[in-house]
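Take a look at the structure set out below.
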Amino acid sequence: MTEIVIALLSLPDGRLVFQRRDDNTKISPGKLALFGGHIERGEQPEEAIRRELGEETSLDVPRLDLMFAGDYKIVHTDLDSEESHYYLYKAVVENADFAVYEGSGAEAYSTDEALPRSDLTNSARYAIVNLLGEK
């Protein structure tokens, strides 16, 4: 089973900040996803999310107030039914104007705007609905 950390970044106005994945990625190409990635051997989830955010963004990661929001498992039907265990962290960022080093940029949407989108990854949708209680 793959272990993954993701960060649900939100703006002061409540909008959520997503990463637009590159079109050539193996998992969810071109879709809106949460920032994050794989936990490396020997890493704790919070160490991993801080490392991933540092690799993927220009955010001042040491100053981010990351809060653990829960975990869940999803079976990826597009990856030979591989199951992934996700650890979700939340943080508020001032704006979405930070540099994104992986993917094609950051995009901000309210939950009402994000949830109906067909280009939202299943893992992001699951986190928003089941861990944040949004419908």
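Some values worked out for this structure:
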item: Helix-only CD estimate at 222 nm, as mean residue ellipticity for the chain, using -39500 (n - 2.57) per DSSP H run (n ≥ 4); result: -4000 deg cm²/dmol
item: Relative contact order (percent, whole number), the chain, Cα cutoff 8 Å, 6+ residue spacing; result: 33
item: Gaussian network model of the chain, springs between alpha carbon atoms under 10 Å - residue of K90, K73, K26 with greatest fluctuation; result: K26
item: Residue of D22, D71, D13 that the Gaussian network model of the chain assigns the largest fluctuation, springs spanning Cα pairs under 10 Å; result: D13
item: Under the Karplus curve 6.51 cos²θ - 1.76 cosθ + 1.60, θ = phi - 60°, whole-Hz ³J(HN,Hα) for segment 39-56, x wherever Gly or Pro sits; result: 7, 7, 3, x, 8, 8, x, 5, 4, 5, 5, 5, 5, 4, 4, x, 6, 9
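None of the figures in this text is laboratory data; all of them are computed from the coordinates on show. This structure is a prediction, so every number in the text was calculated from the model and none was measured.
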